[in-house]
Structure formats: C-alpha cells, structure tokens
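The values are calculated or read from the model by the stated rules, or taken from the named source; none is laboratory data. Here the structure is a predicted model, which is why all the values come from computation and not from measurement. With ideal geometry, Cβ positions are generated from the backbone for all residues, glycine too; neighbour counts draw on all protein chains shown. The protein model used for the area step is the full one, side chains on, heavy atoms only, and it has no ligands, DNA or RNA in it. Shrake-Rupley method; radii C 1.70, N 1.55, O 1.52, S 1.80 Å.
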Amino acid sequence: MQTNENILTKNIWSLLQEVTDPEVPVLTIIDLGIVRDVKINKAGAENEIEVVITPTYSGCPAMDVIRMNIRMVLLEHGFKNVQITTILSPAWTTDWMSDAGKEKLKAYGIAPPNPKQQVCNTQLFAEDEAVQCPHCNSYNTRRISEFGSTACKSLFQCNDCHEPFDYFKCY
Ligand SMILES: [Zn+2]
C-alpha cells in the first residue's frame with residue numbers, strides 16, 4: 001500500500017514535467033535531469049515540498065527562471081510551502097539528459113549532446129568531435145562558432161544539406 005507521502009511525491013514529480021527549459025522550450029526539467037530529488041518535509045500543519053535541483057552549469061541565467069517556474073507550477077496546484085535547494089556536487093552532466101529529451105532536441109532541430117565519455121573528458125573542446133546534423137543525420141558537419149543562440153550551445157553547419165544548427169554542448 002502506498003502512503004500519502006508517496007502519492008504526494010509522485011504527484012510533485014509529474015507536476016515538474018510541466019516546467020520547461022526557457023532556452024529550449026521542448027525540454028522539461030525532468031528531460032534535462034536537473035531535478036535530483038523531491039522531499040516532503042513535515043513542517044507544522046502544512047507539509048513543505050522540497051525540490052532539489054542541480055544547475056546545468058553554474059551561472060546559467062535560465063536557472064533563475066526555472067526556479068521561479070517550479071514555484072509557479074506548484075503554487076498553481078495549491079502547494080504554497082515550497083523550498084528549492086540547489087546542490088552543485090556532483091555537477092550536472094549532459095549524460096543526465098533523458099533519451100526522450102535527446103529525441104525532442106533533435107526533433108526541434110538541435111543536435112543532442114554526444115555521450116560525455118566519448119568526447120568531453122578533456123578541458124579542450126574536441127576539434128574533431130563528430131556532431132550529427134539533426135536535419136539529414138549526416139556526420140559531415142563543421143563548427144562555425146563556439147557559441148550558438150545561448151552559451152550552452154555551439155553553432156554548426158552541415159556540409160551535406162548546408163543547414164546551420166545548434167549543438168547542445170556536452171558537459
Ligand atoms: Zn544536414
């Protein structure tokens with residue numbers, strides 16, 4: 001039998017699916033893998049909902065918006081007592097992004113991050129990193145700029161279909 005607390009926790013997790021990344025609106029914060037935990041803390045008469053998140057990278061301006069949106073979604077569903085805790089360690093990596101999230105990114109025209117162990121185990125951005133074009137699936141692509149539409153992305157262009165596209169950099 002499930003306790004009320006378990007049901008409540010599940011309910012919160014599903015509400016968090018409504019919170020999207022302001023920079024990539026097709027991705028929810030669950031897809032991104034930044035929600036680490038949901039806790040129900042007994043605090044007097046009313047329970048406190050604690051949402052534990054790890055930022056995609058420190059200083060990402062989207063995180064303030066995400067924190068605010070978490071509060072708004074929970075408030076809309078009657079949860080007023082919300083605590084958002086940020087933990088920085090272990091650091092978020094693009095490997096925490098769900099497969100569903102990667103699929104959504106690609107459908108949105110952004111190349112999803114390559115697996116971390118494959119490419120980003122050095123500080124230097126691998127010059128020869130093979131990034132797949134989200135439009136025609138060709139690996140014959142080149143990086144045009146280290147920074148795309150936001151700091152988390154690089155701008156690439158496909159040598160086959162000539163379409164430019166953002167690549168969600170791996171961390
Ligand atoms: Zn292409």
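In this structure, the pairs whose alpha-carbon distance is over 18 Å, taken from 10/104; 39/102; 10/102; 42/80, are 10/104; 39/102; 10/102. For the pair region 1-41 / region 52-97, the C-alpha centres are spaced 10 Å from each other.
Dividing the convex hull volume of the alpha carbon atoms of region 1-57 by its residue count gives 93 Å³ per residue. Only Lys, Arg, Asp and Glu count, each charged at its Cβ (+1, +1, -1, -1), so figure out the dipole size of the chain about its Cα centre, rounded to 20 debye. I would put it at about 220 debye. Over the chain, how many percent of alpha carbon pairs lie in each 5 Å bin up to the one with the longest distance? Taking all Cα pairs of the chain, the binned fractions are 1, 8, 16, 19, 17, 13, 9, 7, 5, 3, 1, 0, 0 percent. Helices of the chain meeting both criteria, an alpha-carbon length of 15 angstrom or more along the long axis and an average Kyte-Doolittle score not below -0.5, with helices taken as full DSSP H segments, are 4-16, 62-76. Could you look at the chain and say what percent of its accessible area is carbon and sulfur, using a 1.4 Å probe and all protein chains? Ligands and nucleic acids excluded, carbon and sulfur give 52 percent. Averaged per residue, the chain has 54 square angstrom of accessible surface, using a 1.4 angstrom probe with ligands and nucleic acids left out.
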